[in-house]
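K.L.:
Before anything else, here's the structure in question.
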Amino acid sequence: MEIGMDRTTATTPTAASATATATPARTPANADPPPPLGLLEYLDLGDHRSVRAKRETAFEAALLAEQVGYQRLWLPEHHSTGVPSPNPLLLAGVLGSHTTRIRIGTAVTLIRVRDPHLTAEDVASAAFFCGDRLDVGFGRGDVAGSAADALAYLRKGGDATDEAIRTVVSVLDDGRDWIDPLDTPYERWLHGAGTRSAELAGEMGFNYCHALFFNVDVDACTRTLNSYRAAFPNGRTAVAAALVANDDPVIARTDSIRAGIKVNCAGTAEQCAAAVCKLLELTGADEVVITEMSRSADDHLRALKEIFGLVAERLGGRPRSAGPADRAATGGEER
């Protein structure tokens with residue numbers, strides 16, 4: 001099992017415009033509350049598979065996540081050949097129309113290379129299909145590779161990127177002469193792996209998700225989350241971690257070797273579940289959002305089910321009480 005979470009004082013397991021009450025994933029009456037676990041479906045399993053096959057697996061994973069009890073399903077934005085997720089808001093609308101309980105969202109929408117007004121229109125379209133289950137997650141990152149040159153004319157600097165996020169929110173809240181305001185509540189998230197995104201999330205009243213698969217320093221993650229909480233006590237926090245769950249250590253290690261992403265735990269499903277629970281304990285985050293990176297579609301779907309069940313067993317089927325778990329940054333008609 002591979003360890004991909006650095007901590008100096010503890011060892012992780014190897015292997016509408018105002019703050020309002022969150023809209024959690026719905027739980028049937030008299031059922032045990034689900035564990036604080038979400039899914040970031042990366043959609044790029046195995047370089048040898050076609051885009052169509054990857055989308056089919058992601059769609060099946062979304063339905064599975066809804067069935068077993070994941071609280072959220074987030075989709076990334078990537079621009080490269082063989083990557084099936086260039087517009088996560090479009091895909092969010094599709095998945096929203098095929099689910100009824102799980103929250104659906106983006107992780108992330110790369111606003112640095114997107115027009116804020118057109119992005120607001122995309123959010124409104126996705127909200128129609130997702131209802132009040134929509135999570136809108138912004139990232140301040142950039143595109144790489146050949147897309148970096150092709151999209152250079154759209155690229156904004158840091159300050160302009162931050163202002164574009166504010167513009168999207170303003171358009172959704174107030175509308176424009178040619179755009180109706182959004183009348184559906186949604187959750188606002190900022191994603192990052194350093195301090196600036198967390199600071200901006202606190203300033204703007206967004207929830208914050210820290211990507212541990214970009215920066216594996218758990219101490220730095222915890223400090224960032226604590227600073228965010230001090231700036232915005234009502235916000236919700238999440239940690240995103242990359243896992244590979246396989247009983248075969250050779251397959252687990254092989255699948256964990258990824259360009260541009262650091263797998264935080266590669267081992268058995270039990271070891272991955274232990275890593276998730278340890279992250280909740282160490283960081284005090286309200287939830288962990290996993291991206292499971294097995295290259296085989298069958299392994300991926302099996303791992304998603306096994307990890308969820310094992311995390312639920314470890315937590316006794318109860319959400320954690322630490323942190324402002326019942327509050328979140330929302331937008332929409334509830335002002």
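K.L.:
Restricting the search to region 133-174, which residues are out of contact with any helix residue (DSSP H, G or I) (no Cβ under 6 Å at 6 or more places or on another chain), over 27 Å from Thr195 (Cβ atoms) and crowded, with 22+ Cβ neighbours inside 10 Å?
P.N.:
Within region 133-174, Arg133 is the sole residue that qualifies.
K.L.:
Return yes when Phe129 is among the aromatic types (Phe, Trp, Tyr), buried (at least 24 other Cβ atoms within 10 Å of the Cβ) and under 21 Å from Ile104 (Cβ atoms) and no when it is not.
P.N.:
No.
K.L.:
On to the next question. In region 107-133, what residues are out of contact with any Pro (no Cβ under 7 Å at 6 or more places or on another chain) and among the small types (Gly, Ala, Ser)?
P.N.:
Result: Ala120, Ala124, Ser125, Ala126, Ala127, Gly131.
K.L.:
Now a separate question. Among the residues of region 62-77, are any at pLDDT below 85, surrounded by 15 or more Cβ atoms within 10 Å (Cβ to Cβ) and closer than 21 Å to Thr109 by Cβ?
P.N.:
Within region 62-77, not a single residue is at pLDDT below 85, surrounded by 15 or more Cβ atoms within 10 Å (Cβ to Cβ) and closer than 21 Å to Thr109 by Cβ.
K.L.:
Only one residue in Ala238, Ala285, Ala274, Ala269 is within 29 Å of Ala53 (Cα to Cα), surrounded by 19 or more Cβ atoms within 10 Å (Cβ to Cβ), modelled with pLDDT of 95 or more and of a type in the set (Gly, Ala, Ser), so which one is that?
P.N.:
The conditions single out Ala269.
The values are calculated or read from the model by the stated rules, or taken from the named source; none is laboratory data. All values derive from a computational prediction rather than experimental measurement. Neighbour counts run over all protein chains shown; Cβ positions are idealised from the backbone, glycine included.
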